[in-house]
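This report refers to the structure that appears directly beneath it.
The values are calculated or read from the model by the stated rules, or taken from the named source; none is laboratory data. Because the structure is predicted, anything quoted here is derived from the model rather than measured. Using ideal geometry, Cβ is built from the backbone for each residue, glycine included, and neighbour counts are taken over all protein chains shown. Accessible surface is based on the protein model in full, side chains and every heavy atom, while ligands, DNA and RNA are left aside. Shrake-Rupley method; radii C 1.70, N 1.55, O 1.52, S 1.80 Å.
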Amino acid sequence: KVLLPCHKQIMPHLQNPSLLGDFFITSIDRGGLDGMLALNGMFTLMTRHDLEYPRFYDRLYVLLDQSSFHAQNRKGFFELLDIFLKSSALPAYLAASFIKRLARLSLTAPPAGAMVAVAFIHNLLRRHPGCSVLVHRGGDGGDGDSEVKREGVSGATTAASSDPFLENEQDPSKTNALQSTLWEIATLGEHHYYPQVGKMAKMIEEKDLSNRVKTAELPVGELVSVNYHNLLAEELGSRVKTAPVAFHQKTPTGLFQTATMKLCFPPETFKWSE
């Protein structure tokens, strides 16, 4: 209750808002919802009151976990995350760590969360051309994308087991992200059950994101507000141009009289009419 309105209703009335720095840092170190809510106040102190917090991106990296896609304040969190990662002056290892963390989280995130994660990855690759090696790596570094496309789920399993990325490492400088590949994006593009996620993932593979003239950033601000209700309404309201139809090699003689149904309802207990 204190953290949520602090940067708007409390800090403007303080003569020295920097005194709240330790309070915000402690809240961020605590993690979870407290850490997310404290980002607003910390961001205000860093941008308007020249507060220095050298471990800021380390703590931000830890805050980005699976619960981020389900938190009540996820919209504000991802909007701030987009601001913090907006600069193209961030080190390549840091950008690569966030890219890999978002890619790994997208595999188990809900459809709306996966779309947000893929949009972040798209924009980070565009801002940091040095990270494009994650998409196009081959040779000794392996090619996880090709394995996924060639072998499907088993290829994704192989790519995951040989991935040098340290998922549980909390220091983004020690994750080995730049030695990894974005096999997660290939997996989303080939196997995700929601078509829009697969479409966005394939966009990363097919576009040359290092060309900032011919590409544009995806609107993260619009995607963070999407939920299951929006996705369902969009699907129900869309116009279907083509619909799959049933194809039978033999003319059907009945609606339920199939070999599978006869196994479920054996003739000893169920009388089938010819």
Task: Identity of the residue in the range 165-205, closer than 19 Å to E217 by Cβ and without any contact (Cβ under 8 Å) to a residue 40 or more places away in the chain, that ends up least open to solvent (accessible area, probe 1.4 Å) - done: K202
TODO: Keeping to the range 41-92, report how many residues are open to solvent by less than 50 Å² (accessible area, probe 1.4 Å) and not acidic (D, E).
DONE: 26
Open item on the list: Just to be sure I understand the filter: pairs with C-beta atoms under 7 Å, separated by 6 or more residues or on different chains, first member in the range 11-23 and closer than 16 Å to N40 by Cβ, second member modelled with pLDDT under 85 and not in a helix (DSSP H, G or I). Which pairs pass?
Closed with: P17/H49; S18/H49; S18/L51; G21/L51
- [ ] For the range 43-56, enumerate the residues that are touching a Ser or Thr at 6+ places or on another chain (Cβ under 9 Å) and under 14 Å from I83 (Cβ atoms).
- [x] none
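Being open to solvent by less than 20 Å² (accessible area, probe 1.4 Å) and of a type in the set (D, E, K, R) is the filter here, so list the residues in the range 93-108 that pass it.
Start the filter on the range 93-108 by keeping residues that are open to solvent by less than 20 Å² (accessible area, probe 1.4 Å), which leaves 94-100, 102-103, 106.
Hit for the range 93-108 is K100, nothing else.
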Open item on the list: Just to be sure I understand the filter: pairs with C-beta atoms under 8 Å, separated by 6 or more residues or on different chains, first member in the range 61-73 and touching a residue at least 12 places away in the same chain (Cβ under 8 Å), second member surrounded by 20 or more Cβ atoms within 10 Å (Cβ to Cβ) and polar (S, T, N, Q). Which pairs pass?
Closed with: Y61/S97
Task: Residue list for the range 30-40, restricted to those being touching a residue at least 12 places away in the same chain (Cβ under 8 Å), part of a helix (DSSP H, G or I) and open to solvent by 10 Å² or more (accessible area, probe 1.4 Å) - done: G32, L33, D34, L37, N40
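Do you know which residues across the range 19-29 are open to solvent by less than 60 Å² (accessible area, probe 1.4 Å) and either closer than 23 Å to L85 by Cα or in contact with a Ser or Thr (Cβ under 6 Å, 6 or more places away or on another chain) (or both)? Break it down into steps so the answer makes sense when it comes.
Filtering the range 19-29 for residues open to solvent by less than 60 Å² (accessible area, probe 1.4 Å) gives 20-21, 24-25, 27-28.
Correct list: G21, F24, I25, S27, I28.
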Task: Among the residues listed as K75, K8, K1, the single one being at pLDDT below 85, basic (K, R) and in a helix (DSSP H, G or I) - done: K8
Open item on the list: Within the range 249-261, does at least one residue satisfy the condition of being farther than 18 Å from L124 by Cβ, modelled with pLDDT under 85, within 21 Å of the chain's Cα centre (by Cα) and assigned to a helix (DSSP H, G or I)?
Closed with: no
Open item on the list: Among the residues in the range 211-220, are any in contact with a helix residue (DSSP H, G or I) (Cβ under 9 Å, 6 or more places away or on another chain), at pLDDT below 85 and part of a helix (DSSP H, G or I)?
Closed with: no
- [ ] Would you confirm whether any residue within the range 112-129 is charged (D, E, K, R), farther than 18 Å from L63 by Cβ and either more than 8 Å from the chain's Cα centre (by Cα) or in a helix (DSSP H, G or I) (or both)?
- [x] yes
